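**Q** What follows is a single structure, and I will ask about it in a moment.
Just so it is clear, none of the values below were taken in a lab; they were calculated from the coordinates. Quick caveat, the model's predicted, so the values are computed rather than measured. All Cβ positions, even for glycine, are placed from backbone atoms using ideal geometry, and neighbour counts span all protein chains on display.
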Amino acid sequence: MQKQALITGATSGIGRATALRLAKEGYAVIATGRRADRLATLRAEIEAAGGRCTTLAFDVRSEEEVRRNLSPLENIDLLVNNAGLAAGLEHIDLGDTRDWDAMIDTNVKGLLYVTRVIAPKMVAAGRGHIFNIGSIAGTEAYENGAVYCASKHAVHAISQSMRADLLSAGIKVTEIRPGMVETEFSEVRFHGDKKRADAVYDGVEPLTGADIAEAIAWAAQLPAHMNVNDMVLMPSQQAGAYYTHRKTKQTTL
Ligand code: NDP
Ligand code: 8X3
């Protein structure tokens, strides 16, 4: 039987690249996100390459939508809990509580709602692999990032507990913790300010969604007795949340 992979947040960035990569690896992909038009484009791209893709458009913040869309699914071999965002970048006394709600509700509660539907199915089947997309912000906390960092610290804690909870059922849990990846992430963080978003990557060659997808595809094909618990992936020019070596732009003469 063809293996099935469910990927949240597949309309953009890391999730989209992972859907394409896993389809190439032979998985039947179930791609989710809120933007149905983007999902349709992804599906067409996967099918044109000879792969299989179904799409489900819903908001992971709504437990009701998650249950309605995911409960009918069976035989999910691989779940990639990827949907997430940063919103805003300011000191705690200036933060917008709507941004805080969006981050906690998506990055933490959304991941939990999805897992609560899919994990019991994996337990019943006695197999499965869950990937949680954390961040270097899951173990480092930086200025202006209190709530995003808190949400990713939560993902780090949840991943560790989840791994212990699902151990006896034979389900693998892998947390992927990237540094700087150029996606729509910064544009979303800065509420559509493209100039500010682009400046994040000035003088740096960031990772791409495809780089993260490569790591997921590798960890997913390891033999049954071997698991990657936790993987930190960075651009070569980044050593941590506070350490980025930026090369000045070459001036054209
Ligand atoms: P993108 O903004 O490019 O993609 C985010 C994805 O999440 C989109 O597909 C979006 O789909 C989906 N999403 C956001 N909110 C919701 C929601 N409420 N319901 C359903 N889907 C949602 O960013 P990235 O690809 O970079 O981000 C993916 C993950 O990687 C996030 O968890 C992020 O925190 C993490 N990460 C990113 C890093 C980076 O530097 N880019 C570094 C470390 C971690 P739609 O809007 O269509 O719903
Ligand atoms: C995203 C990476 O450094 O902006 O998770 O926190 S960072």
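**Q** Which order do peptides 127-134, 159-166 fall in by mean Cβ count within 10 Å, highest first?
**A** 127-134, 159-166
**Q** What is the distance, in nm, between label points placed 7 Å from the Cα along the Cα-to-Cβ direction at L222 and at V123?
**A** Inter-label distance under the simple model: 2.4 nm.
**Q** While we're looking at this one, here's another question. Add -39500 (n - 2.57) for each DSSP H run of 4 or more in the chain, then divide by its residues: what number comes out at 222 nm, to the nearest 500 deg cm²/dmol?
**A** -12000 deg cm²/dmol
**Q** Further question: Residue farthest toward the positive end of the dipole of the chain, with Cβ of Lys/Arg at +1 and Asp/Glu at -1: which of V108, S161, F131?
**A** Positive-most Cα among the choices belongs to F131.
**Q** Give me the net charge for the shell around R163: Cβ to Cβ below 12 angstrom, other residues only, Lys and Arg +1, Asp and Glu -1.
**A** Taking every Cβ under 12 Å from that of R163, the sum is -2.
**Q** With contacts defined as alpha carbon pairs under 8 Å and 6 or more residues apart, what's the relative contact order of segment 1-128 in percent?
**A** 25
**Q** So how tilted is helix 13-24 from the main axis of the chain? Cα-based, degrees 0 to 90, rounded to 10.
**A** It works out to around 40 degrees.
**Q** With a ≥ b ≥ c the root eigenvalues of the C-alpha gyration tensor of segment 4-239, is it rounded (a/c under 1.5), prolate (a/b larger than b/c) or oblate?
**A** Judged from the Cα gyration tensor, segment 4-239 comes out rounded (a/c under 1.5).
**Q** Kindly express, to the nearest 10 degrees and within the range 0 to 90, the angle between helix 209-220's C-alpha long axis and the longest C-alpha principal axis of the chain.
**A** Roughly 40 degrees, rounded to the nearest 10.
**Q** Moving to a separate point now. Under a crude label model (7 Å from the Cα following the beta-carbon direction), how far is A146 from D37 in nanometres?
**A** 3.7
**Q** Per-residue counts of other Cβ atoms within 10 Å, averaged by peptide: what ranking do you get for 96-103, 209-216, highest first?
**A** 209-216, 96-103
**Q** A further question follows. Please label the shape of segment 28-126 as rounded, prolate or oblate, based on the square roots a ≥ b ≥ c of the eigenvalues of the alpha-carbon gyration tensor (a/c under 1.5 means rounded; beyond that, a/b larger than b/c means prolate, else oblate).
**A** Oblate shape, in that a/c is at least 1.5 and b/c is the bigger or equal ratio.
**Q** For the ranges 105-111, 202-208, 223-229, 45-51, what's the packing order if you count other beta-carbon atoms within 10 Å of each residue, average per peptide, and put the highest first?
**A** 105-111, 202-208, 45-51, 223-229
**Q** Using only alpha carbon pairs under 8 Å that are at least six residues apart, calculate the relative contact order of the chain and give it in whole percent.
**A** Taking the mean separation of contacting Cα pairs over the length of the chain, I get 20 percent.
**Q** Residues of segment 70-89 with the amide nitrogen closer than 17 Å to a label point 7 Å from the Cα of D193, along Cα-to-Cβ, please.
**A** Once the point is set 7 Å along Cα→Cβ of D193, 86-89 turn out to lie under 17 Å by backbone N, inside segment 70-89.
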